[in-house]
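The values are calculated or read from the model by the stated rules, or taken from the named source; none is laboratory data. Bear in mind the structure is a predicted one, so any value in this text is a computation, not a measurement. Neighbour counts are summed over all protein chains in view; Cβ atoms, including those assigned to glycine, are modelled from backbone coordinates with ideal geometry.
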């Protein structure tokens, strides 16, 4: 949405008339009323707290973002040509000269891998800008690439449009080249100017990605970022964009391993020194105050009943899992043989998207400006495997009963996350499925209708084996999506029990799938890989 400040009165009137003629649903989907942050009153009972937590729901931005499931990061810049991860800001722009750069190749590879968005590192900590910024000479305009006439951000945004990808920008708040860094007021104006360029000149931006890297400037003072002003600018210029990771919409999972938590709550407590500084509509409109990501993001428990007890507010704050396809975030020739295998990427998918998170996979181009064929080969095999696994839901067209009464299977196998099964308060929280035929499977997929909140706290899957119910697998949270793997099971009847839930569960999807090369898993890494 373009900012119309400064338009003549007649033009403003015509714009208002045009907007009034739009279908109501077009206007409604821009800012629907949702309760994604709720302030809790003092003295709230435990029962009231749990019911309130069940009613916290994502903003329309967060819901659109969550449905992407997997997106791509592109780390590319002077670091690529200096064979390093973090530049010092003293690097020579003359070194930036990719000879075969092709952003269509990037977008095509990312799209064919099933990733839905490309986030570009427009400026990393070294301060080198991949667009010709008017506010510094440390940009591509000072490089020999395209004789100083190039704009890589523009090329990437156009390639994203061509290959039907969402487009996101990473702009490092830490700038090791800019002399004003550390002079907080002056640098914040500089940063806002650069952010304005990125948000004004490249079409729709769907995600703005900030990290929290911060240091002392040349004056020996530590820079104080004006997050509040950054957020307000983003909401004004790109109202559909989610703000991650140092932002109010999306949080970092806590590691760069590619593995999310076994228990992942999107509803977490948020407490601040002054609750008056938090706008109730903070994720739907302009931020009226700064935002501090809540708590210890590396804690394995962020949103259980114990964790939300005593909270001042509850916020919908979903998890993003970032990981690189290589050991480093920028390309290094020595790592061409260390690209993650399709099997490793598959395990990461199950442990990120399959654990109520979004996967952000980094794929760095090389010094020629192309994504290496080793990366592309692994991505293609990974996507082919995922397509094969999820091509047939063995639960589709099953006969479903709930407490002896039959119910409609369509609601939980239609691949629509807004249609769902919700038992009445007097009904048992379990469903039994009689499959069309006896079959073997080793994957369970569940989804909640998160437009109504995240509610399921524990579930168990059972199979009818040897004339009795046998527990196959169990889990805690579901959220947007939960995928569990287990040894092969052969049966024609299964039962899903919701053992504990905050209010009645809203099950949107139930799937049984088969992967023939699957080895049973007993856990996942907890350390950075």
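When the strands (runs of 3 or more DSSP E) confined to region 418-502 are screened for residues that are in contact (Cβ under 8 Å) with a residue 40 or more places away in the chain, those reaching at least 3 such residues are found at 430-448, 456-465, 482-501. Within region 242-253, no residue satisfies the criterion of being more than 12 Å from the chain's Cα centre (by Cα) and either under 17 Å from residue 362 (Cβ atoms) or at pLDDT 95 or above (or both). Take residue 87 and decide whether it is part of a loop (DSSP other than H, G, I, E, B), over 30 Å from residue 451 (Cα atoms) and in contact with a helix residue (DSSP H, G or I) (Cβ under 7 Å, 6 or more places away or on another chain). Yes, satisfied. Taking the listed residues 310, 290, 260, the one that is over 19 Å from residue 55 (Cα atoms) and modelled with pLDDT of 70 or more is 260, with no other qualifying. For residue 387, the stated conditions hold: it is surrounded by fewer than 21 Cβ atoms within 10 Å (Cβ to Cβ) and either outside any loop (DSSP other than H, G, I, E, B) or under 26 Å from the mean Cα position of the chain (by Cα) (or both).
Only one of the numbered conditions (1) modelled with pLDDT of 95 or more; (2) more than 20 Å from the chain's Cα centre (by Cα); (3) not in a strand (DSSP E or B) is not met by residue 411, and that is (1).
The combined condition, being closer than 23 Å to residue 119 by Cα, in contact with a helix residue (DSSP H, G or I) (Cβ under 6 Å, 6 or more places away or on another chain) and either surrounded by fewer than 22 Cβ atoms within 10 Å (Cβ to Cβ) or not assigned by TED's automatic domain parsing to the domain that holds residue 104 (or both), is not fulfilled by residue 212.
This table checks each residue for (1) closer than 24 Å to residue 475 by Cβ; (2) modelled with pLDDT of 95 or more; (3) part of a helix (DSSP H, G or I).
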residue: 284; (1), (2), (3): no, no, no
residue: 323; (1), (2), (3): yes, yes, no
residue: 326; (1), (2), (3): no, yes, no
residue: 331; (1), (2), (3): no, yes, no
residue: 366; (1), (2), (3): no, yes, no
